[in-house]
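The values are calculated or read from the model by the stated rules, or taken from the named source; none is laboratory data. All of these numbers come straight from a predicted model, not from anything done at the bench. Note: ideal-geometry Cβ built from the backbone for every residue, glycine included; neighbour counts use all protein chains shown.
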Amino acid sequence: MTRRTIGRVLVALAGVGVLTLAVAAPTATAAPVATGEKATHCTLDVRTGAQQCYATYEEAITGKQRAGDIIQGTVFDGLDYGGDSLTVYGAELCEKDGVINFQLDLGDDWKHRISSVQPWGNCWLWLYPEPGLGGDRDGPFDENTPNVGSFMDNRTQSIGFS
């Protein structure tokens, strides 16, 4: 082979390697909790406020969802998707129309706890330090975020989904 052919082969192989990494990269999952602790993984219907909890994160995002329900986002109380999780779902995908499509005031059990987030259902998540989407917001969190950063870490009281 000539040097030019070898160079093309190496570039092609590098491209295949990047593609393989992109295809094979695992989606973010909940990190294990410390020994002796048991995480709680709950779902919340934004339409009704109904909450149901599961033993594992996988059960929360796949189990017992009604037909037509759309997961709009998952929040975690630990960094890197660890600890307890709350998966929020509703009837529709978020629209990219410049407004908050859905909002959630967190219950006392979730206020001041969020450290990492996963947006779902075409939603971007906006975190607010006060109920009713009050105060200076942070976001949008438009991709899996293993650390929301010091501004909103353990400060969130309401979430906007846009």
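Data for the structure
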{"read-out": "Flag if K96 is among the charged types (D, E, K, R), crowded, with 16+ Cβ neighbours inside 10 Å and over 15 Å from V46 (Cα atoms)", "value": "no"}
{"read-out": "Residue pairs meeting the criteria (Cβ under 7 Å; at least 6 apart or on separate chains; first modelled with pLDDT of 95 or more, in region 72-84; second basic (K, R))", "value": "D77/R113"}
{"read-out": "Boolean, S150 is surrounded by fewer than 23 Cβ atoms within 10 Å (Cβ to Cβ) and of a type in the set (S, T, Y)", "value": "yes"}
{"read-out": "When residues of region 33-71 are limited to those that are farther than 19 Å from E92 by Cα and surrounded by fewer than 11 Cβ atoms within 10 Å (Cβ to Cβ), the one modelled with the highest pLDDT", "value": "K38"}
{"read-out": "Residue check, T87 over 14 Å from F141 (Cα atoms) and either without any contact (Cβ under 8 Å) to a residue 12 or more places away in the chain or over 15 Å from the mean Cα position of the chain (by Cα) (or both)", "value": "no"}
{"read-out": "Residue check, G107 surrounded by fewer than 16 Cβ atoms within 10 Å (Cβ to Cβ) and of a type in the set (G, A, S)", "value": "yes"}
